[in-house]
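Report on one structure; see the data block that follows.
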Amino acid sequence: MIAGLLDMASWGLVLAGSLVILVGTLGLLRLPDLFTRLHGTGMTDTMGAGLLVLGMLLQTTDWLIAVKLVLILVFLAITSPTTSHALASAALYGGLTPWRLSDRKDEP
Amino acid sequence: MFAAAAAALLVAMAMALVRAVAGPTVYDRILAVNAIGTKTLLMIAVVGFLTRRPEFLDIALVYALINFIGTVAVTKFVKHRHLGHPANLNGEGEL
């Protein structure tokens with residue numbers, strides 16, 4: 001009973017994580033400006049990876065694998081915002097101005 | 001289940017690759033490469049679970065660190081045109 005429940009929970013988590021990753025990357029593709037895309041990938045790195053890793057966490061009984069998974073999650077949660085910040089500050093330093101609604105050219 | 005996650009990751013990588021190629025500015029390309037790195041990391045972990053080999057998680061862990069260092073190094077290089085010591089950058093040395 002418990003095993004079935006665990007499997008179902010990890011199924012849901014992994015599929016939800018994959019969905020978040022897809023949506024985040026779609027945001028990376030479709031959004032008009034670097035700073036908006038930073039939001040998309042930031043969400044993917046933390047939320048999508050978090051759900052995916054949680055789904056895997058439920059699948060393991062060995063504590064060593066669980067520790068490694070939690071470590072991956074912690075590293076991703078720390079490094080992803082740092083890279084986004086570094087990239088945004090480099091872009092601003094390089095003279096990239098954020099996208100304005102008035103810059104909209106082709107869409108209605 | 002993990003196969004579905006692996007397929008989703010592959011599609012996400014393809015989309016990030018499109019952004020890497022099409023990205024107008026160099027920052028978009030750095031961002032896309034960083035996104036591909038994270039997805040590769042997750043792909044390694046998922047494949048590790050698919051083939052019942054927990055050693056893959058060590059590789060994924062190392063990949064997470066190296067991906068971060070690489071992205072930050074490229075960002076610093078693009079920002080300051082060199083990776084040298086920040087002494088002569090009048091305080092602009094930090095990221």
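No lab work stands behind these numbers, since they all come straight from the coordinates. On a predicted model such as this, the values are computed, not experimentally measured, just so you know. Quick reminder, even Gly has a Cβ in these numbers, built from the backbone with ideal geometry, and neighbours come from all protein chains shown.
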- Task: Would you mind listing the helices (runs of 4 or more DSSP H) fully within the range A:20-108 where at least 2 residues are over 30 Å from B:PHE49 (Cα atoms)?
- Result: A:34-43, A:63-93
- Is there any pair linking a residue in the range A:72-86 that is under 18 Å from B:ASP28 (Cα atoms) to one that is surrounded by 20 or more Cβ atoms within 10 Å (Cβ to Cβ) and of a type in the set (Asp, Glu), with Cβ under 8 Å and at least six apart or on different chains, and which? A:SER80/A:ASP45
- Item | In the range A:11-26, residue surrounded by the most Cβ atoms within 10 Å (Cβ to Cβ) [restricted to those that are under 10 Å from A:LEU58 (Cβ atoms) and at the interface with chain B (Cβ under 7 Å from one of its Cβ atoms)] | A:VAL14
- Message: Would you confirm whether or not the range A:30-53 contains a residue that is within 23 Å of B:VAL26 (Cα to Cα), surrounded by 14 or more Cβ atoms within 10 Å (Cβ to Cβ), among the aromatic types (Phe, Trp, Tyr) and facing chain B (nearest Cβ under 10 Å)?
- Response: yes
- Would you please name the residue that is nearest to A:LEU57 (Cα to Cα), looking only at residues in the range B:61-78 that are touching a Ser or Thr at 6+ places or on another chain (Cβ under 9 Å) and within 7 Å of chain A (Cβ to nearest Cβ)? B:ALA64
- Item | Filtered residues of the range B:21-53 (kept if within 14 Å of A:PHE35 (Cα to Cα) and assigned to a helix (DSSP H, G or I)) | B:VAL26, B:TYR27, B:ASP28, B:ARG29, B:ILE30, B:LEU31, B:ALA32
- Item | Hits in the range A:1-49 (condition: under 26 Å from A:GLY95 (Cβ atoms) and aromatic (Phe, Trp, Tyr)) | A:PHE35
- Task: Determine whether the range A:42-49 contains at least one residue that is among the hydroxyl-bearing types (Ser, Thr, Tyr) and either over 18 Å from B:MET1 (Cα atoms) or touching a strand residue (DSSP E or B) at 6+ places or on another chain (Cβ under 6 Å) (or both).
- Result: yes
- Task: Assess whether B:VAL18 counts as being more than 7 Å from chain A (Cβ to nearest Cβ) and either surrounded by fewer than 21 Cβ atoms within 10 Å (Cβ to Cβ) or assigned to a helix (DSSP H, G or I) (or both).
- Result: no
- Message: Filter the range A:76-95 down to the residues that are at the interface with chain B (Cβ under 9 Å from one of its Cβ atoms), surrounded by fewer than 18 Cβ atoms within 10 Å (Cβ to Cβ) and touching a helix residue (DSSP H, G or I) at 6+ places or on another chain (Cβ under 8 Å) and list them by number.
- Response: A:THR82, A:SER89, A:TYR93, A:GLY94
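Let's see how each residue does on (1) of a type in the set (Phe, Trp, Tyr); (2) surrounded by 21 or more Cβ atoms within 10 Å (Cβ to Cβ); (3) touching a helix residue (DSSP H, G or I) at 6+ places or on another chain (Cβ under 9 Å):
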{"residue": "B:ARG29", "(1), (2), (3)": "no, no, yes"}
{"residue": "B:ASN34", "(1), (2), (3)": "no, yes, yes"}
{"residue": "B:THR38", "(1), (2), (3)": "no, yes, yes"}
{"residue": "B:VAL46", "(1), (2), (3)": "no, yes, yes"}
{"residue": "B:PHE49", "(1), (2), (3)": "yes, yes, yes"}
{"residue": "B:ARG52", "(1), (2), (3)": "no, no, no"}
{"residue": "B:GLU55", "(1), (2), (3)": "no, no, yes"}
- Got at least one residue in the range A:61-68 being exposed (fewer than 14 other Cβ atoms within 10 Å of the Cβ), out of contact with any helix residue (DSSP H, G or I) (no Cβ under 6 Å at 6 or more places or on another chain), more than 7 Å from chain B (Cβ to nearest Cβ) and among the polar types (S, T, N, Q)? yes
